[in-house]
1. Filter the range C:82-100 down to the residues that are within 9 Å of another protein chain (Cβ to nearest Cβ) and of a type in the set (A, V, I, L, M) and list them by number.
2. State which residue is farthest from the other protein chains (Cβ to nearest Cβ) when the search covers only the range A:101-155 and only residues that are among the hydroxyl-bearing types (Ser, Thr, Tyr) and buried (at least 22 other Cβ atoms within 10 Å of the Cβ).
3. Which numbered condition trips up residue B:228, out of (1) surrounded by fewer than 21 Cβ atoms within 10 Å (Cβ to Cβ); (2) in a helix (DSSP H, G or I); (3) more than 13 Å from chain A (Cβ to nearest Cβ)?
4. Which of the numbered conditions does residue B:133 fail, given that it passes all the others? Conditions: (1) facing chain A (nearest Cβ under 10 Å); (2) assigned to a loop (DSSP other than H, G, I, E, B); (3) surrounded by fewer than 24 Cβ atoms within 10 Å (Cβ to Cβ).
5. For residue B:192, state whether it is more than 24 Å from residue C:80 (Cβ to Cβ) and assigned to a helix (DSSP H, G or I).
6. Is one or more of the residues making up the range A:118-126 in the same structural domain as residue A:217 (by TED's automatic domain parsing), at pLDDT below 90, of a type in the set (D, E, K, R) and more than 30 Å from residue A:239 (Cβ to Cβ)?
7. Quick test for you: out of B:72, B:92, pick the one residue that is within 13 Å of another protein chain (Cβ to nearest Cβ) and in contact (Cβ under 8 Å) with a residue 60 or more places away in the chain.
8. If residue B:112 meets every condition in (1) within 14 Å of another protein chain (Cβ to nearest Cβ); (2) touching a residue at least 40 places away in the same chain (Cβ under 8 Å) apart from one, which number is that one?
Amino acid sequence: MGNVADVDALSRPRARQSRVRRFVSGAWQRYPGALVILGLLILWEIAGELQLFAFLPSIREIVDAGVTLLERPDVWRSWGRTLLEVFVGTAIAVGLGFVLGVSMAQSRVVEALFGLYVDLFQSAPVSAFVPVIGLVFGLGYSAIVATVTIFAFFVFTVNTYTGVKNVDPRLIEMARSFGAGRVAVQFRVVIPAARPMMLTGLGLAVGRGVNGGILGEMLISIVGIGGLLMYYGGAFQEDFVFALVFMVLIIAVVLMSLIQRLADKYEERMR
Amino acid sequence: MDAGDGTSPGGAAVVQPRPALVKVRAPGREWWFLPLRILSVVVLLGAWQAFGGQERSGIEFLPRFSDVVQGLVSLVQDDEFWRATRDTVQVLVLGYALTVVVGIPIGVVMGAKHIVRRALRPLVGILLATPIAPLVPILIIMLGIGISARVATIFILAVPILIENTAASVATVPRRLVDMGHSFGASRRQLAMAVIVPASLPGIFAGLRLAAGRAVVGMVVGELIIASAGLGQLIQLYSTTFDAPKLFATVVAVLLIGLGAVQLVQIAERRSGRWRR
Amino acid sequence: MSDGHRRVRVDSVTKLFPNAQGGTFTALQDVTFDVGDFEFLSIIGPSGSGKTTLLRILGGLEFPEHGAVVIDEAEVRGPGRERAIVFQDFALLPWRSVLGNVVFPLELRRVAKGERDRRAHEAITLVGLAGFEDYYPNMLSGGMQQRVGLARALAVEPEVLLMDEPFGALDAQTRTVLQDELLQIWERDRKTVVFVTHDMAEAVFLSDRVLILSANPGTVHRVVTVELPRPRLDELRRTAEFADLVGDVWETLQTLTR
């Protein structure tokens, strides 16, 4: 009997422990990625509160700074300005890139005329142009828009080009066999088939556009979010810098993943 | 955020070749293709020469093409320029080396171990999407304006793409090749060295190429914002003194370094991949 | 038990796989059969009968939930030196030449270089690829690629050759040619062969016995003994006896897929 009681007494905490362990290992199996990020944030918070590194603010301080920033109307105005610049610049890039990408993929003449530049600048560090853009476009609004455009243009063009180039020629033949003309083939076969690729390009273009816009603001005219970053960086207010970086990161990731989701949806439907 | 987590049960995460970096097709066989291409360059440079050097509506200032060429010539004779170039290239090499040394092992482990891949992919995904420019002020605060902040900028920008590509290519080594090695009694080490690494080499090289491109971007962004040394400092100098020809010329030099770096990796890639053709 | 002719014994092998609903799916159930010394045995069955799984278990790449495979009185616990697999999709290393692919398993076994090259050249000559040593797989036709796969398996001088639908990816004419050549090689250097196929004529033409698996779950449905004289030449394919045997297998398979 005593034996049984012993076993019972021993097994109860063990059972609880194993339940905890099961929960932990279950969570680890299910959401390992989220746990890694959560763990890093916790480590960051601890390091920040203990002031282990001279310039590392804690998460709490960063959140406080973020709240302070969000209460200030001039910060909202800066966001408005930056996002507008990114929107306009990306829209111009997408418009131009669509026309150039589609026509380059379909016409060897257009490809001969423009392919070289697209090929060169898609992998070149376009950031090097930012000071030049300041020189050419002045220090105003148009310089930042131009920066965004240049950052976003080449990715979108190349994606459009590749998407159109890779359209299954059998589909085009099929459409022709049913009497589709050149225009109908373009609008009913080629562009819809290339759309997932273009959307992927759009996602990348927006990411680069955000990057370009902020870099332009930092280097050319010290306005908008880039301007705020330069200001707080120069003033060594690292909690505000981190808060802004997180805001930029969240907005960029949200925008890009929304577009990617749209792209995935198209692709799924085409399978 | 990153849909890759949990949506691919059991299966290897197949990462499509990055569409953004598909190479635009090389000149074709038409006799007129190359002449037309040359014509387009000539017309562009001619238009630049004719249009530049004056102020126009909407344009502040554009130096003429010949001015830029002159700027380039005087730059090449300038010791200051070569010192800056050496400094820039040194930082690039350091940052890239760090990227390779850290990125490939992490990528291989991620590719081989499914749970590690699932654990780290969201983090890598966030890093891939992180805009680099706003991080530079933080790096300045933490590391100062010396060489380490610039190396860190390169590393942060370049390492995620290398990890991602390495992991994806290791994870997608054809199952049948692993089985084959296994069936002939290969040990884990033999399997890794004789099958998995060579089979994933094309993907790793693609990652190295993309990482080189991003490393160059990191180099430029870091130097433009930090502007304490290297070609970035020269660019800042010439743009604040409105020395347009030299500014353009320095930018051209930076672009050439970038293209050269990517080209080097591509040469190595082609050498390693003779069997693919 | 004391039957010395028995080289491979498959003893009530059951193999389960997890299915999409979180349950299990029985790929093989209580599969039992023997393969004699120097026997050529084919395994045929409808898709889903687990024939490839069975071969992978024989090769030591998968393990049964119940039962065992015993080769030369030793239970199979993994890949072994006495066996070699010829894979359905060739599984050639694209970055290695023909010679490089054939020496690959010999390198793994740390065979000395001279010996390695000698054995590889011998195997390459045997499969009719002499002169192609320096070619890369993607320069070869499918038929030639599978000759490399066969040479690679022969180079390790296995006692048991396991072939997983080796000619399934080839066109009909190439397949016939390779069947003839495989038999010639086998006549010269007899080995125990387990040959998985979905081609009835192929199974009958090559084998001493044809094992017919039923599907869902895979079980041994019937064993057909092929008593056609050897050496078998191409003409055999046009004889009435051959047609009868193929017809017999065909009818059995018909009842299984109905």
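The values are calculated or read from the model by the stated rules, or taken from the named source; none is laboratory data. Since we're looking at a predicted model, the values are computed, not measured. Glycine gets a Cβ as well: all are built from the backbone with ideal geometry, and neighbour counts include every protein chain shown.
1. C:84, C:85, C:91, C:92, C:93
2. A:149
3. Result: residue B:228 passes all but (2).
4. Evaluating residue B:133 over (1) facing chain A (nearest Cβ under 10 Å); (2) assigned to a loop (DSSP other than H, G, I, E, B); (3) surrounded by fewer than 24 Cβ atoms within 10 Å (Cβ to Cβ) leaves (3) as the failure.
5. No: the conditions fail for residue B:192.
6. yes
7. It is B:92.
8. Failed condition: (1).
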